[in-house]
Amino acid sequence: MVPVRNALISVSDKMGLTDLAAGLRAAGVTIYSTGGTRSHLENSGIDVEDVADYTGFPEMLDGRVKTLHPRIFAGILARRDREDHLETIADHDIEPFDLVVVNLYPFAATAARAGVSREECIEQIDIGGPSLVRAAAKNQNDVAIATSPEQYSEIIEQLQSVGGTTSDLRRQLAAEAFDHTATYDRAIADYLQGETISGEFPQTMHVSLRRKTQLRYGENPHQRAALYSDRSDRSANLVSARQISGKELSYNNLLDLDAALEIARGFADPAASVIKHNNPCGAATAKTLVDAVSGAMAGDPLSAFGSVIGMNRTVDLATAELLCEPGLFIEAIVAPDFEASAVGLLTTRPRWKDNVRLMQVGRLDGEASKVARRFISGGMLVQDADHMSSSSLQWKTVTATPVDDELWDDISFGWEMVRHVKSNAIVLAKDTSLIGVGAGQMSRVDSVEIAIDKAGDRSEGSVLASDAFFPFPDSIEAAAKAGVVAIIQPGGSRRDDEVIAACDEYEIPMVFTGRRHFKH
């Protein structure tokens, strides 16, 4: 145990600072501080020693130089088990610091802000802060380093219970401190690399994630699992979402909710998606959210039992009443927000009651991640995220049979949906609703037949979308027999002419997009 007699505090984030400082002063600790931190504490009625008075050197260069002084760093780095170190600091009238409290300028948050200038970002590169953190963490045998308000309470508890900090706590804080500075430096490097590298992925890529929670298990009960957050991701997402109600989220819940949210956010009109085992079994857009949910649930009612739902509008009372109808069972719902009346209904009326997980992610108009990452054995695959919007101006009707104007909404809806289905992917759409899905088959015609089977009689008058080209005309023949009235696909097969001829034979218009939507 190391007693805490002198503490140095210099923070950007003032959360919890007053309580920490009051606890330190109550324990008889002398506090040294700088600039805005000192003013904040003094305004809170807490006695603080000014670092500039202590060093005899004023803050300068608009605060760029504050703590970079031998009296500060010698007081942190002096080893208490070395007589020569103690004699040296005594000869120079240097106080040893037992606790350093530092968090860094908000570089990542600044860089993520819309419209921020390069100059603003550069000014948020902290110099003295990381140096103080590293010095204190290096001398962890004698000095405790706090880099987050979340650590303050444990430090005060130890001061009150044992009169100082324990070695276990100091080692833990030191490890977290180096993680803190590594993440900080990584954010700066990524920002600067993004400025200098155009059109290429960076030579090195670092992923900095922080564990948010330990999950009960993974995809299966015999697998351990945890959830980590990417603090650089500012978009609406499941990891930063607020859970309003329900049981603990499972590994599979999170995967399915993420897929549901990704589909819903892709539409401008009120939209809902129903996910089962990471594939959509229903989706729809409509003029109101309740109608969109109704259409989505009708896509495959059998599969929708025990599903998760994603929506792109606030869940209102009418939508909640629909979901509470007898015979439905919903595992989880993700949406920008929930009306209080809807929460009350969803958590009290149906038989699943407060078991349903309600996840509030906030506004969906923020920019989604531009890259998609996937870990494989030995490394990581990185690609541009498949967010590029499809422009109908680039589409081409390749059949002699023209597209009726009233079919374009369903054609567009089907093309948006098929990119969310595992390849080989086929979807059938009707009235901007998903009515049949064929996913993950090794043969494209098998996916076509599964989608038709799922749709049943509803396939009559539907639109078919395919994520990649048709290698043979057999899929067209199956679609024609089912009553499909239009097809959209990328094109690009050596047998495109045969496929087009088959469509013309059955008088089915076909649209080529020139873009593939594989999802593996």
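One table, with the values for the structure above:
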item	result
Relative contact order [Cα under 8 Å, 6+ residues apart], segment 140-211, whole percent	32
Rounded tilt (10° steps) of 251-264 against the dominant C-alpha axis of the chain	60
In sequence order, calculated HN-Hα J values of segment 102-119 (Karplus, 6.51, -1.76, 1.60; Hz; x Gly/Pro)	9, 10, 9, 3, x, 5, 4, 5, 5, 5, 7, 6, 5, x, 5, 8, 4, 4
In sequence order, calculated HN-Hα J values of segment 476-483 (Karplus, 6.51, -1.76, 1.60; Hz; x Gly/Pro)	5, 4, 5, 5, 5, 5, 7, x
Within the chain, percent of DSSP bridges classed antiparallel, to nearest 5	55
Reachable lysines, given that their alpha-carbon falls under 19 Å from the alpha-carbon of Lys276 and they are not under 8 places away in the same chain	Lys247, Lys422, Lys454, Lys519
Relative packing of 302-312, 82-92, 368-378, which averages over residues the other C-beta atoms within 10 Å, highest first	302-312, 82-92, 368-378
Long-range HN-HN contacts of Ser245 with modeled amide H, under 5 Å	Leu358
Cut-off under 5 Å, modelled amide H: who pairs with Leu215 long-range	Ala225, Ala226, Leu227
Under 22 Å from the Cα of Lys287 - lysines, other chains or at least 8 residues apart	Lys430
Surface share of carbon and sulfur [accessible, 1.4 angstrom probe, percent] for the chain	48
Value at 222 nm in deg cm²/dmol, rounded to 500, when DSSP H runs of n ≥ 4 in the chain each add -39,500 (n - 2.57)	-10500 deg cm²/dmol
Relative contact order (percent, whole number), segment 117-175, Cα cutoff 8 Å, 6+ residue spacing	37
Rounded to whole Hz, the Karplus (6.51, -1.76, 1.60) HN-Hα couplings of segment 417-432, x for glycine and proline	6, 5, 6, 9, 9, 5, 6, 5, 10, 9, 10, 10, 10, 7, 6, 6
Net charge, Tyr228 excluded, C-beta distance under 12 Å - Lys, Arg +1, Asp, Glu -1	+2
Listed peptides 258-264, 493-499 by packing density, highest first (mean Cβ within 10 Å)	258-264, 493-499
Neighbourhood net charge (11 Å Cβ-Cβ; Lys/Arg +1, Asp/Glu -1) for Val485	-4
Summed residue charge, Cβ within 13 Å of Pro301's Cβ, Lys/Arg positive, Asp/Glu negative	+1
Net charge dipole size for the chain [Lys, Arg +1 and Asp, Glu -1 on Cβ; Debye, nearest 20]	1000
Other-chain or far-sequence residues with amide H under 5 Å of Gly436's (modelled H)	Leu428
Rounded tilt (10° steps) of 128-138 against the dominant C-alpha axis of the chain	80
Per residue, in Å², the accessible surface of the chain once ligands and nucleic acids are set aside, probe 1.4 Å	50
Rounded to 10°, Cα long-axis angle of helix 496-505 versus longest principal axis of the chain	50
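The values are calculated or read from the model by the stated rules, or taken from the named source; none is laboratory data. Remember, it's a predicted structure, so these values are computed and weren't measured experimentally. Heads up, the Cβs are rebuilt from the backbone with ideal geometry, glycines too, and the neighbour counts pull from every protein chain shown. Ligands, DNA and RNA are excluded from the accessible area calculation, which covers all protein heavy atoms including side chains. Shrake-Rupley method; radii C 1.70, N 1.55, O 1.52, S 1.80 Å.
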